[in-house]
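**Q** Just dropping this structure here.
Each value in this text was obtained by applying a stated rule to the coordinates, not by laboratory testing. Only a predicted model underlies this, so the values are computations on that prediction, with no experimental measurement involved. Positions of Cβ are generated from backbone atoms using ideal geometry, with glycine treated the same way; all protein chains shown enter the neighbour counts.
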Amino acid sequence: MYNIKNKTYDMSIWNAIESLINSSIDLRSKNLVVRVDLRYPQNIQYPNDNQKLSRFLDSFKHYCDRRGLDLIYFWVREESLHSDMATHHYHIFFLFNGREIQNPYVVLEKATHLWGRALGCDASGLVHYCKHKNPDHPNPYAIQIRRTSPNFEEVKDDVSKWVQYLAKRHSKEKYLGRTRPFAHSLI
């Protein structure tokens, strides 16, 4: 564990995130990074496994493959501790082939549709499109990393700051059983 701005981070998750980002940058010269949060509807029996997420990711990978987007992903499962009834949700970031996509809106809409299909309901309000906080990037819902850009290291640092939230320790302690608390694409 280590601390950044009074938050404790899980080093195994953080190391896996950094490794995935670096591998994606080594693999291709442009990467479009997008972050989403997936939630379940209220008043349902929450599954104890990640099968619905797996169903979503399988469909989303298939969609991306057909369009040459070369999807790479990283997800973490967390438990909401702010309500009387503990519920889990997912934080995910995607790395797409930046030569094939520059605007995230089509894939964000498709992610919402496919999460709804995995759940068997309308997913309106269940997929949060996460904004980064750097006004230097033209789209608030995506950051394009270009390996040959003069500000490459700065942009890579912006991405790291944006996705480091996935490695926070808080709300992950309960996943000590058989359910995976995080996973990612194999490159």
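**Q** If we count every other residue with Cβ under 12 angstrom of Cys130's Cβ, Lys/Arg +1 and Asp/Glu -1, where does the sum land?
**A** +2
**Q** Then there is this: Quick one: helix 152-163 against the long Cα principal axis of the chain, what's the angle to the nearest 10°, folded into 0 to 90?
**A** 10 degrees
**Q** Jot down the per residue volume, in cubic angstrom and as a whole number, of the convex hull over the alpha-carbon atoms of the chain.
**A** Per residue, the Cα convex hull of the chain comes to 125 Å³.
**Q** Using helices alone, what [θ] at 222 nm do you get for the chain, with -39,500 (n - 2.57) per DSSP H run of 4 or more residues, divided over all residues and rounded to the nearest 500?
**A** -10500 deg cm²/dmol
**Q** What's the longest piece of the chain with no exposed trypsin sites (Lys or Arg not before Pro), counting a site as exposed if DSSP puts it in a loop and it has at most 13 other beta carbons within 10 Å?
**A** The reported range is 6-130.
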